[in-house]
Structure formats: structure tokens, C-alpha cells
Amino acid sequence: GCGNKNQGAATENGGQAAGGGEAAKSDVKIGMVTDVGGVNDKSFNQSAWEALEAVQTETGAEVKYLQSKSDQDYDPNLNQFIKGGYNLTWGIGFNLANAIEKAAKENPNSNLAIIDSVVDAPNVKSVTFAENEGSFLVGVVAGKMTKTNKVGFVGGQDSPLIKRFEVGFAAGVKAVNPNAEVVVNYTGAFDKPDLGKAAAATIYNSGADIIFHAAGGTGTGVFNEAKSRVKSGQQVWVIGVDKDQSLEFGDDVTLTSMVKRVDEAVKKVSKEVVDGTFTPGVETLSLKDNGVGLPETNKNVPQDVLDTVEEYKQKIIKGEITVPAK
Amino acid sequence: MDLITLGQIINTTLVFATALIFASLGGIFSERSGVTNLGIEGLMIFGAFAAAIGGYYAEDAGMGGTAAAWVGVLAAIVFGVIVSLIHAVASITFKADQVISGIVINFLAAGSTLYLVKLLFNGSGESELIQGFNKLNIPGLTDIPFIGSVFFNAYPTTYLAIILVIAGWYVLYKTPFGLRLRAVGEHPSAADTVGVKVNRLRYIGVMISGALAGLGGATITLTTTGTFSHNTISGQGYIAIAAMIFGKWNPIGAFGAAVFFGFSQAIRNYVQLFAWSQSIPQEIIFMLPYLLTIIVLVGAVGRSSAPAALGQPYDPGKR
Amino acid sequence: MDAATPVVELKQITKRFPGIVANDSISLKLHKGEIHALLGENGAGKSTLMNILFGLYQPEEGTIEVDGKPVAIDSPNRAIELGIGMVHQHFKLVQPFTVTENIVLGSEPRKGVKLDYKKAAAEVKRLSEQYGLQVNPDAKIQDISVGMQQRVEIIKTLYRGADILIFDEPTAVLTPQEINELMDIMKRLVAEGKSIILITHKLKEIMHISDTVTIIRRGKVIDTVKTSETTPNELAEKMVGRSVSFKVDKAPAKPGKVVLDVKGLTSKNKDGIAALNGLSLQVKAGEIVGIAGVDGNGQSELIEALTGLRKVDSGSVALLGKDITNLSPRHVSEAGVSHIPEDRHKHGLVLDFSMSENMVLETYYKAPYSRNGFLNYDAINEQAKSLIERFDVRTPSIQTKARSLSGGNQQKAIIAREIDKNPDLLIAAQPTRGLDVGAIEFVQQQLIAQRDQGKAVLLISFELDEIMNVSDRIAVIYEGQIVGEVLPEETNDQELGLMMAGSTVKKGAEHG
Amino acid sequence: MANFLKLFTKDSFILAIVAIIMGLVLGALVMLLGGYDPIEAYGALFERVYGDTYNFGEAIREMTPLILTGLAFSFAARAGLFNIGGEGQFLIGMTAASVVAIQLKGLPAFIHAPLAVIAGALFGGLWAALAGYLKAKRGVNEVITCIMLNWIGLYAANLVINRFMLLEGQNRSVDIQPTASISIDWLSQMMGNARVHWGTLIAVAAAVFFYIFLWKTKQGYELRSVGFNQDASRYAGMNVDRNIVKAMFISGTFAGLAGAFEVLGVFHYQSVMASSPGTGFDGIAVALIGMNNPFGVLLGAVLFGTLTYGSAGMSFAADVPPEITRIVIGSIIFFIAAQGIVRWVLKPFYSKRKKEKVL
Ligand SMILES: Nc1ncnc2c1ncn2[C@@H]1O[C@H](COP(=O)(O)OP(=O)(O)OP(=O)(O)O)[C@@H](O)[C@H]1O
Ligand SMILES: Nc1ncnc2c1ncn2[C@@H]1O[C@H](COP(=O)(O)OP(=O)(O)OP(=O)(O)O)[C@@H](O)[C@H]1O
Ligand SMILES: [Mg+2]
Ligand SMILES: [Mg+2]
């Protein structure tokens, strides 16, 4: 269908809450600066933006985003919101940490928030996730369900954040299947599906049947490789990341996903601003807070495996198991 | 490295190389006619875009996955040809600097495809996922040990690419059209004085390059990403140009070079399967394909032989 | 059509280029079986007129009739249809293609969609035998001699069924042997009923082969005469507008000390074949030594080795007793060697530089043109002005790009630059190629003047006349060696020709 | 200067202006087709760039590397070389500057900062010279080597950061020593914390250097000569190979500076990058707009910088996708390159005015 330009950057006539409904009017303005991924990255930028749109529908707050074309854009983009009198400005992704820190110092009276990184400033809310814990759980699924005793991990850029996914996943696999082998492949990029595809092909070729990816858009290539193999009769799976990726890539290849509730976090903090209860500081969302974990429905995972997952989940929450993070 | 792994690497290689094969073959047709084409990247972007859109609307209209993918291929070819005409008009008719007008294509591609995607998909910077192609087994052939799994379990585009390389070589070197095209790229006024229409052939060369580069872009959408976004094509066009030069403007050579690039990419992934690779910095492994290329180039003897009139607009009156 | 109707008649052709009337109401008749020579100074408009006849340019005024019927020749294709073929001054051959491919290009025999190469090669062979034009159909153009390339050009026109052949300065790049062969070929062509228009600057050739001569000066026809009723002197006078002396005036040489001393020079080509094969040669102060030889016997390699452009494998080059073997071109130049290169466009000038920049191409880095690393444009312009004046280089201004000058003037500029360096040794390679008699006279006088000032001059030329007239001593080069030395007054074309073909070896007295 | 003015003939200047107008008009048409208001959009674009000091400062920050990568491309082009490797040279220059700025400690600012700048220039130059060397000595086409070196440069930069200078738990290097900063703090404060730095001045100086070097020095004469005709240059005694390497080196120096300034003046640290930032490629566009003339490059960078920096304002205030500016830039380059088209458009005007003069 052909376009309605207003969907891209939400509405600018703040009063009219999109989506109709009996939303309360609010004159709060919330801005969001994406990293280079943009709001259609099928990953955290998208989750965050969808959350903000939901906030708009529910509260009538005006929301808007600016996509960064490069690292240099973070500063002016944040400033566009700050100087425009926005009540809260989100920086989505750890890449924005330094820009948020700089902006926070220069504008002590503005509220800022960041996902996936900790910025130490009195006017910044930092939201991070215990990705290692969630990844542990999908590792349990993989360890239980692999038929070849070999599973794979495809990472984007090799960074401490992505390492948390890898390490947690490997720990989960080993916990339930000590004999299973985990092969790891970093593609070096979050936006190169072709590299993801080649990495997946190599891993599947080496005998693995399940791949967990934490590679953003690069993961699209992983799904595509799996799909083409499934079509030609091979039984392989992909474990998605950030969102329930079965919704996008279908149930024939998506085993489950390591969901990171960026949307919940964004919603929660944004609403705090609308309600006037915003408190700066660091918040780490873990299994306990339902900040990470499996999606609600998992068609492809048998109940007994889900039960094991639940078992481990409780152990982690109780602190009986500490999931490594690096 | 055992035989099976080698076979698998070759298989992966071919998947990787397919788009490069198309695009570098396209480059050859343009440059053999004497028109530099740095717009390959942009033409690939347009092709990838058209394939995503074409495939999407075909699926929307109820076509099955593969049929819709072929619609995407067709759309990419048509789009590639249309866009290549911008380059042709500027550089052939208006005698603009060919390098510049190629780069213009890249700029227009980067801007307008994303702009259109946003218009068509409600502001989203990425098109909707489509089915694309699946790997094809050729009954009988696929069962041949080793060879079968290496060469006869591939995407239709890969088969098409190999066919086109052979066809391209045949056309260039065995047909009157090829002779004329190459003559126009080497010595346009010689061609002109024997009644060969220089500019018309150059138009054809550029349009073929548009079609093939578009096809290369479509390959990536239809076999790798399933969608189009700003980074669906990111540098493959330039690699294809490198492959063309590396292959000395010859279809077979460019095919070899494209496969080489694909191979070094495959190696880069393959290496990571081994535990010892953990002790090598990742970045070194990432560099591998590019380093290998330079090393091979330096080792390769002989200067590369570009068409003699490459880059020069044809002006019959010039002394 | 009666016999008196010309096969081609040009009527009142006028063609203008920005700032110049290249053809000013030119009329010309070509009869069947005739060789019609076109004569004129550089830039007189000969090529322009022929390009019009061949459909490359459109005239502003005038008409063309072929076999008595007016025709509009709007493209080479049309010209070819009308049976007109042209052998251009600069060959229109695709270097990496084979002889056959070049010949059939544009009208290829086919088998289905395929080019029928076998049939094409057979046709080439047939034509080459019919007209006695020896070529190897499968050789690549880049691998064959210039003379051979020209035969390919001729076969190209014959293949297209041309009855009217235009030759634009066909002999400028040929060796004497090749010229003789070409003359025979032309005679044969005329005997077969073809008609020929021949452009050449060489009056000897015109006298030898043409039936009629049309003389053009500054775009206008001066006269059309029967060859049998004129003399070279008359022709030259009509062409230049003054009398030209053909005997090069020069006093006997007074050779002094040895300036250039080459001993046992050996240098291999890429493919390992010795291009120079133990070549030895001396040139003394105050003499002009001419190198005679068939193209491809090491002339170019010798020049390159002398000027530092090529590394030699063994042997030595000494200048005034100082060893300059394998020095860089810059150092050779600084040691006192000047070089007028064979190819003025490719090697002699930077065509996109202004004339003034070109005049200091080898001296820009020296004072006063350059001080502390900075160019001194005042000094450069000064120098350019003075050279242009002294050597009568016709250019609109010193800021004009070299590209826009005529060949003759480009050559004069190079000669000016090289002579002004005041070298001990002046190497002149084909210095008069493509120039008109007036310009040739000028260039040759300059060489002699250098000699008279006590410089050593090494002249490499395929023009036997030039070698005979200008040199004080002639060295014959054959297969990378000097195979003999003779004095011009003691030899003749026949003897030289034999030596150049390598059949007789006659050593000069002063040589070992 | 007379010479330089001649480089900018009145005719080519008019053509460039008309090309720019035509590009903007074409962009407006595309906006209309998409249902946007071009007047509002362009208004927002220029408002963003020239509306307040902060954004103006940031726009200048955006233009600075473009000037330098534009000069890099142009310089090589003047010597007949196609330096498509600005991207890699930019990154290597950046990395070298980072190493010096981070690892050397205890130096006074007036030594440390210049040292870091020089390191950036030097390594950018060497990276490019590598391509030049391979061309001169081995005949390897510089286009391929440059493309490959872009990728290698990216990973080499990441390698250095990851191995030696990583900020624990982050995807970037530790901060540079304050002594290596080239930010202009007082001006930055005056401009609402816009990241202005001395590199801008150096970039302008580089354009002047470019002009003087190429047209006023003997080495520049050699480079131009080699650029036009290698054979004749060799015959005239110039060392062609050395000039190729030299031209690439100087060209890379410009790109290296651009990278160095990003670290020393803008970010004060270096990120680990997943893909190269594109400044080198944008520089090619800038060079083309500027017709490979150093002062044209300055103007080209201003135009390019204005359009790209302003595009965010356009999408913010008028909801126009920022990609439109790429279309505009592409069209401007197109019209500048295909002057025939512009002339053709202008023909009615020209022939009316100049009818007698032309004929
Ligand atoms: N394409 C062109 N554009 C502008 N001027 C031209 C062009 N071609 C030729 N001229 C000019 O027209 C005049 C005639 O040139 P032409 O080539 O016909 O001379 P020519 O008699 O063949 O000389 P030569 O003996 O040197 O070959 C010269 O002044 C030349 O500079
Ligand atoms: N071995 C050589 N072979 C060829 N050319 C050479 C050689 N050495 C120097 N040249 C050339 O000679 C010229 C003068 O070189 P020289 O080093 O003496 O002066 P220069 O101009 O000051 O050089 P630079 O600026 O590099 O110091 C330069 O154009 C150089 O390219
Ligand atoms: Mg002529
Ligand atoms: Mg020096």
C-alpha cells in the first residue's frame, strides 16, 4: 500500500493522538535518537520506536525519532530534541553512550535515557539487560534439541555486549548437554545479511543444526540460509534475538527467540516521564524482571524442554546458578 | 581439509560469488564498449530494490515464491536498464566525464531507492520480507558424488550466472556484435570509419551492464536478504569492479576473480570453525579476503589491459 | 557514363572550422584509372577535404558527384556504399585484433549468429593474393610492422569493394622498401580499374607515380596540372609560394673530437630477444651521423638506450669520455644530450600543458625557471616567448595548449626546446616525419646549424633522401648492430638498400 | 592568483550555479511526487544549518572532513590517479592519531596535538602510497588496491583499538589525552557546545597548499605533467614512478588529516566500527562538484555539508525522508558533469542574449 508520510516520524501535531481512542492529552514530548540501524532494524531500535508509538497512543504524548547516519550525527540529533524542549530524549544502543554523556553534562536540566549502556550522570536513566541470562535459556533449548550435538552462534561485531549473548548461550547449552559443541562465528557487522548467510552456511555445513544469532540485520542472512535448507529437506533451526523473530521469519525455521524487552523498558521509563515519576539511575532488567527471556509462545519447543527451561529460569532467579557474562 | 569440506566451501563460494559474477560481467560489457562504469554499485542497488518490490507485489498478487522471485528478476533487469540510460545519456550523448556520471548513479541509487521504499512501505526503511529463490537440485546430477553436492545444489541464479558467463564470452569473442563492441572500446574512430555506429553500440553496452548489474543486485535480495534496505548492497558493486579489472575485462577472467572473492569470503568463515582461530585476532580473519586479493594481484604478472579508448567520449571531430 | 565523366567530382567545397576556412571553394576531378595527387603545406586542408569525401565531415557549401550523379555523403557508410575507401594518415586499426578481424569489422561474414572467421580469413587471403598485398591474416596488428599495417588498411577498402581509394600521406611512416612496394601496389590497383587520390609531401613520389596534381594552399586550389608537364621545383613553388631549394646547402663537415662513443651495446626485449646486439658507434663533434635501416632493426632501442629510457645489459655509452651508461634520462639530459623524439604527441609534448609549460619540460627544475622549489612563471614565459620567436613557432599565444597547434609547429617547438639546451649531442629521431617541404627545409637547416656550431648530431630517419642529404656519415643498422658505414657522396640508394637488408657488410675505414 | 581565477572561468561558474539550481529543482519535484512540501522542506534544511550557532558550528564540523577527503581525491586526480581509497586512508589516519593521542602521556599540548595531527597525516599518506607503490612498481591498478585497502584499513583500525586501547566493556577506545585535543573550547562554548576545532582552519589551509603546490612549485609541475602524459614526462627526465607514489602520498595525507581531526577535534576517542563511515566516498562527490579545483572543493564541501547536515532538520520539521538530499546531490553532480545538458537548457537564454557574439 502506498504511503502515509506521517507514520515515519509520528505525528507532529502533538495534540492529535494517533490511533484514536480516548487517550488522555499530554503535552509531554519524547524524542528518540537511533544509531545507524534506524527504526526498521527488526531489533532494538524498532522495539523502542514501537514502544514510543504505544506510549503516544496511550498517553497522547508527542513522540518523534531521528535516525543517525553516522556516529557524528548523535550529538546534533540529541541536541535537536534537547534544544527543542523535549521532556525526555532516548539514545538507543550502546553506541550513543558517549554522546548521551556529553549531552547530559552540557544540559543538566534535560532528561535523557539510554538503552544497553551505563552513563553515569545525574540526569540520565540507563537501562541494561542481562542478555547472558536470557541467552542461557535459549542455550538450554538448543542443548536439549540438537540432534547433531553441535550448535552454532553467529555474532555481529565482537563486543562485550555480544559476548554476553555468546557466553550465556554456551553456558546454557553445556548445562543440559555437556557433550554438545558450540561453534562461534563473528561476522563483524550488524547490517550485512550476506555475511550472516555465509556464516550460517559454514556452520550448518560443519554439522550444526541450530544457530543462535545476535547479529541484528546480519541475522536475516542466517534465517535465509536456514530457510533454503529447510526447503530442500534439511532439518535446521535458528534462534532469533531481541524480538520474537518467528513473527517475521516464520515457524518453519525459528526455533525460539531470546527476547529482550526493550519495548517494555522504553514504555516504562517514558511513562514515568509522563507521570512525573522519572528517576535517573541505572536499571538492569534481568530474568527476574522479565526483561529477557523466551517469547510467550514457542510452537516448536516441546513441553518437556520448556519445563527444563522454566526450571533453570527459577534457579537463575533464585541465584542458584550464576550465568557468566564474559 | 577433507574433500567434503572443500566441496562445501566451493558451494558457499558460488552463492557468494553469484552476484559478483553478474555485476562484473555487466561491467565488462560497458567497459569493453569504452564506457567506464563506476555506477555498478548503484545499478546493483536499483536491481536489489526492484527485485524486492517486484517480488513483493507479485507475492501480493498471489504468485508462488519462485514465480514471484522471477518477477523480481525481471523487474531488476528492467530497472537496471532504465537507470543505466542515465549514465548512457550523460556520458555518451552529452560526453560527460564517465567516472562522474557513474558515481552519480551511485548517489541517485542510495537516495531514491530508500526514498521509494519509505513511500511504499509506510515510512519503513526496509521492504517486506519475500520468499525469494530456493536452492535447486538437478535430478540425477545432484546425486553424483562430490560434484553433485558442489555444483548441482545451488540457486537458480547461480546456474544462470554460469550460463551467462559462457554466453557473454561467446558473444564478445565469437559474434560480429562482440567484435564491433570491442572495436568501439579500443578504437572508436576505426569502427566509425567502417560504418559501425559507435554511440549506438556504447548505449547497448551500457544497457547490458545495467541489466546484468541489476540482476546481480536482485540475486542478493532474492537469495540472501529477502528484503531491501539501505545496506542490502554495501560495496559489492565495487568488488565487482575489482573483479572485472582483476579478470582483465574478460568474462572468464572476471568469473574466476568473482569466484576467488567468494572463496576468500568462504575461507574467512571456515577458518572460524577451528579452535586455533580463536588465537588469531578476528580482524585479521576479516581482512583475509582483501589481503589475499592484493597478494594475488601483486604476484600476477603483467599489467592489466584496459580497453584502449576506455573513458573517452567519442568525438568524431577531435584531432 | 562516358569515359570523360570523372568518377568523382568535388564542386566548390567549403569547410570552416572555428577561426579558419580549411577548404575554400575547392573543386577537383578524379578520372577513372587515374592517380591524382594532392599537394599542400601542413594545414593546407588536404585531409579535411578527403574527410569530407569520405563522409566524416559535412561541407558547409559545395556538392559532390560520383559517376556524374550528385550524392550526399553523410557518413563513412554512405561513402563505402559509393565505392569510396580511405587509408587514413593515422591508421584506423584496432591493435589487439587480428588482421582478419580488422578487415571484416563492420561487414562480417556470418554463420548463424557466429562470425564466420574461416570464411573471413579465406577472403582476406584471396584479396591479398589478387592484389599482391602480403599479409598474415591471423597476426595481431600490434605485432606487425607499419608497412604491413598499411597493407591491411588497403585490403580493408578493397574488401568493401572500393573503386575509389584515398591515401592520406601513406608513405610518411614507411621505409624506402615499403614505399617502393606501395608504389607497385598502387600501380596494380590502377591497372585493375581503381582510381586513387594520393596525398603526400614527397615530390619525388608525386613525380614518380601520379597522373595529375592539384596544389592547395591555405584552403584554396592554386592549380591543377598534369604531372608530365611539370617539375618538382614548379610544384614546390606553387605550394609554398616561394622557391624552395632541394639541395641542402652545407659546407663539408669538420669533425672534431669524439662526443658519443658507444661500445658493444646489448639489450634484450621483454621476450628475451636481443634488440641491440653488440652495437658500436661513434659520433664526433661537428658531424651529422645518419642511421639508415629498415624499421625494427633496433633504431628505437638504440635511442632509448642512449637517452636513459632503457637499461642495457652490456656495453657502454660514453659522452665526451664520461660514462653515461644506464643513467636516468634526467642525468643523461644533464650530461649534455638533447633528444627530439620520434612521436611528438606521445613523447615530445604534454599536449594539455600550455606552450610555455612545454618549453621548459626538461629544465623547469633549474634556475631561473625554478627557485627554492617554486616555479618562476616570469622566467618561463620569457623563455617561451623567446623560443617561439626565434624558431618561428606559429601559436596564438604562449598560453595556448600544445594540443591545438599543427604538427609542424609542434615539431618546431620541440626542436626549439632541444636545441636551446645547448647540448653536446643532439639525437633527432624522424624529425621531419609528416612535415611539408617548407618545414622540412627549416628542420634540416637547424640540424646543420647545430653541426656547424660543433655539436654532434645523430639523425635517425627512414627517409633515405634525408639521410643522404643531411648526414656527413651514414651508419647502417641491421638486427641491432651497425653493419657498415659509408659516406653519402660515395654511395647510392642501391648500395644502401642492400646494406639495410643485411646482405652486404661493408665496414667503414675508421671502424675497428 | 590570476591563474587561479582563470581556473574558474565565468562560464564554468555560471554552469555550476545553474547545475545546483537544477539539482534543487529536481529534488523539489521528487518531493512533490512523494506528497511533500518542498518549500517547507528546503526552508527547514537551511534553517537547520544556518538557524543558530550550535547547528552552524556542527555544520562546519560536518564540512571539515569533506573538504579534506575532497582534496584527497582531487589531488590524485590531478596526477592522473583515481584515489578511491580515501575511506581507508581516513581510517588509518584516524587510528594513527588516536595511538599518538592516547598512548603518549605527559607531553605539553603544543607538542602533543601537532604530533597527533602529523601522525594522522603521515599514516594516511603511507596507506595511500602503498597503492601508489604497487601501481608504480607492479602495475597493479590503483582502483582495486584502494578498494581492498579500504577494507583492510577498517579492520586494521579496529584491531588496533580492540587490542591496545579499548575502553573496558565498551566498543570504543579510551579517551585521548586532553593535551592532544584540537577542539576550540572557547568557541565551542560560544556556539552552544558545537564541536568546532582547529582542523577546519587546517583544512582550508590544505586547499591553499594544494593550489600553491600544484601550480606554483616544480614538484607540482611534475605531478601535473605525469598526470597528463606519463610517457612525455619520462622522456623529459621525470621519475614517473616516484611521482605516482608522491602524488598518492600527498593525497592520502589529506584523507589522513580528515580522520585525525575526527578523533582529536570531534570525538576525542575512536569507535570500533562495523563499516567504514563513508567520508572518503563523499569526498569523491565533493571533488566532482568542485571540478577537482581546490577552491571548488571548498565550495563543494560547503554545499555537500549543508545538504547532508540540513537533511536531518528537513526530516525533523517537514517529515521528508533525508535520503532526498542524496538525490539532490547526485543530480547536482550529474548536471555539473553533463554540462551539455545545462547548456542545452540554457540555450534559449544564451542564444537570445549572445546571438551576435557567438557567431
Ligand atoms: N576538427 C578540427 N577542428 C578544428 N580545426 C581543424 C580540425 N581539423 C582540421 N582543422 C584545421 O583545419 C586546417 C586544415 O587541416 P588539415 O588537417 O586538413 O590539413 P592538412 O593539409 O591535411 O595538413 P597536414 O599536411 O599537416 O596533414 C588546419 O588549420 C587545422 O588546424
Ligand atoms: N634515478 C632517477 N631516474 C629518473 N629520474 C630521476 C632520478 N632521480 C631523479 N630523477 C628526477 O630528476 C628530477 C630532479 O631530481 P632531484 O632529486 O635532483 O631534484 P628535486 O626536484 O629536488 O627532487 P625532490 O623534490 O624529490 O627532492 C626529479 O624530477 C626526479 O623525478
Ligand atoms: Mg593531413
Ligand atoms: Mg631534491
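The values are calculated or read from the model by the stated rules, or taken from the named source; none is laboratory data. Note that the structure is a prediction, hence the values are computed from the model and not measured. We place every Cβ from the backbone using ideal geometry, glycine too, and count neighbours over all the protein chains shown. Note: areas computed on protein heavy atoms with side chains; ligands, DNA, RNA excluded. Shrake-Rupley method; radii C 1.70, N 1.55, O 1.52, S 1.80 Å.
Tally up the residues in segment D:250-304 that are touching a strand residue (DSSP E or B) at 6+ places or on another chain (Cβ under 9 Å) and among the aromatic types (Phe, Trp, Tyr), please. Counting residues in segment D:250-304 that are touching a strand residue (DSSP E or B) at 6+ places or on another chain (Cβ under 9 Å) and among the aromatic types (Phe, Trp, Tyr) gives 3.
Restricting to segment C:374-399, name every residue that is loosely packed, with under 14 Cβ neighbours inside 10 Å and hydroxyl-bearing (Ser, Thr, Tyr). Scanning segment C:374-399 gives C:SER386, C:SER397.
Within this structure, C:SER195 passes the test of being more than 14 Å from chain B (Cβ to nearest Cβ), modelled with pLDDT of 95 or more and more than 16 Å from ligand 1 (Cβ to nearest atom). When we screen C:LEU10, C:LEU105, C:LEU53 for residues that are open to solvent by less than 40 Å² (accessible area, probe 1.4 Å) and within 16 Å of ligand 3 (Cβ to nearest atom), the only hit is C:LEU53. Does A:GLY216 qualify as being touching a helix residue (DSSP H, G or I) at 6+ places or on another chain (Cβ under 7 Å), modelled with pLDDT under 90 and within 11 Å of another protein chain (Cβ to nearest Cβ)? Judged against the criteria, A:GLY216 is not a match.
All conditions in (1) in contact with a Phe, Trp or Tyr (Cβ under 8 Å, 6 or more places away or on another chain); (2) buried (at least 24 other Cβ atoms within 10 Å of the Cβ); (3) under 16 Å from D:PHE267 (Cα atoms) hold for D:ARG61, with the sole exception of (1).
The residues of segment A:238-273 that are more than 20 Å from the chain's Cα centre (by Cα) and either within 14 Å of chain B (Cβ to nearest Cβ) or crowded, with 24+ Cβ neighbours inside 10 Å (or both) amount to a single one, A:ASP252.
Taking the options D:GLY280, D:GLY252, D:GLY305, name whichever one is out of contact with any Asp or Glu (no Cβ under 8 Å at 6 or more places or on another chain), small (Gly, Ala, Ser) and open to solvent by less than 10 Å² (accessible area, probe 1.4 Å). Exactly one of D:GLY280, D:GLY252, D:GLY305 is out of contact with any Asp or Glu (no Cβ under 8 Å at 6 or more places or on another chain), small (Gly, Ala, Ser) and open to solvent by less than 10 Å² (accessible area, probe 1.4 Å), namely D:GLY252. Of the residues B:GLN272, B:GLN312, the single one that is within 26 Å of C:LYS92 (Cα to Cα), more than 9 Å from chain D (Cβ to nearest Cβ) and away from ligand 2 (no atom under 16 Å from the Cβ) is B:GLN312. For segment A:32-48, check the following and say yes or no: at least one residue is small (Gly, Ala, Ser), closer than 15 Å to D:GLY313 by Cα, modelled with pLDDT of 70 or more and not in a helix (DSSP H, G or I). Within segment A:32-48, none of the residues are small (Gly, Ala, Ser), closer than 15 Å to D:GLY313 by Cα, modelled with pLDDT of 70 or more and not in a helix (DSSP H, G or I). Against the conditions (1) away from ligand 3 (no atom under 16 Å from the Cβ); (2) surrounded by 17 or more Cβ atoms within 10 Å (Cβ to Cβ), C:THR48 satisfies every one except (1). Taking (1) more than 24 Å from the chain's Cα centre (by Cα); (2) polar (S, T, N, Q); (3) open to solvent by less than 10 Å² (accessible area, probe 1.4 Å) in turn, D:ASN243 satisfies each apart from (1). With respect to the stated conditions, A:ALA113 is closer than 28 Å to D:LEU167 by Cβ, assigned to a strand (DSSP E or B) and open to solvent by less than 30 Å² (accessible area, probe 1.4 Å). The strands (runs of 3 or more DSSP E) found wholly in segment C:19-119 and carrying at least 3 residues that are within 22 Å of C:ILE141 (Cα to Cα) and within 13 Å of chain B (Cβ to nearest Cβ) occupy C:84-87. Number of residues in segment A:166-194 that are touching a residue at least 60 places away in the same chain (Cβ under 8 Å) and either within 9 Å of another protein chain (Cβ to nearest Cβ) or under 24 Å from B:THR224 (Cα atoms) (or both): the value is 2. Filtered by the rule that a residue be under 26 Å from C:ILE13 (Cα atoms) and under 21 Å from the mean Cα position of the chain (by Cα), segment C:218-234 gives no residues.
Here A:PHE81 meets the list (1) in contact (Cβ under 8 Å) with a residue 12 or more places away in the chain; (2) under 22 Å from D:GLY305 (Cα atoms); (3) open to solvent by 10 Å² or more (accessible area, probe 1.4 Å) almost entirely, failing just condition (3). Entry remark, segment B:227-266: residues being facing chain A (nearest Cβ under 9 Å) and either open to solvent by 10 Å² or more (accessible area, probe 1.4 Å) or among the hydrophobic types (A, V, I, L, M, F, W, C) (or both) number 7 in total.
Mind checking which residues of segment D:139-190 are among the hydroxyl-bearing types (Ser, Thr, Tyr) and at the interface with chain B (Cβ under 9 Å from one of its Cβ atoms)? Within segment D:139-190, D:THR145, D:TYR155 qualify. Just one of the listed residues (A:THR322, A:THR284, A:THR297) is farther than 30 Å from B:GLN131 by Cβ, more than 17 Å from the chain's Cα centre (by Cα) and either modelled with pLDDT under 90 or not in a helix (DSSP H, G or I) (or both), and it is A:THR322. Has segment A:201-210 got any residue that is crowded, with 24+ Cβ neighbours inside 10 Å, in contact with a Ser or Thr (Cβ under 9 Å, 6 or more places away or on another chain) and without any contact (Cβ under 8 Å) to a residue 24 or more places away in the chain? Yes, because at least one residue in segment A:201-210 is crowded, with 24+ Cβ neighbours inside 10 Å, in contact with a Ser or Thr (Cβ under 9 Å, 6 or more places away or on another chain) and without any contact (Cβ under 8 Å) to a residue 24 or more places away in the chain.
Here C:VAL259 meets each of (1) in a helix (DSSP H, G or I); (2) modelled with pLDDT of 95 or more with one exception, condition (1). For beta carbons closer than 8 Å, sequence separation of 6+ or different chains, a first residue in segment D:269-286 that is within 12 Å of chain A (Cβ to nearest Cβ) and a second that is aliphatic (A, V, I, L, M) and open to solvent by 30 Å² or more (accessible area, probe 1.4 Å), the qualifying pairs are D:TYR269/D:LEU167; D:TYR269/D:VAL174; D:VAL272/D:LEU166. Which one is farthest from the other protein chains (Cβ to nearest Cβ), of the residues in segment B:93-127 that are part of a loop (DSSP other than H, G, I, E, B) and either at pLDDT below 85 or within 22 Å of the chain's Cα centre (by Cα) (or both)? By that ranking, first place goes to B:SER127. Take D:TYR221 and decide whether it is open to solvent by less than 10 Å² (accessible area, probe 1.4 Å) and either within 16 Å of ligand 2 (Cβ to nearest atom) or away from chain C (no Cβ under 14 Å) (or both). So D:TYR221 passes the test. When segment C:56-67 is limited to residues that are open to solvent by 30 Å² or more (accessible area, probe 1.4 Å) and not polar (S, T, N, Q), the one that is farthest from ligand 2 (Cβ to nearest atom) turns out to be C:ASP67.
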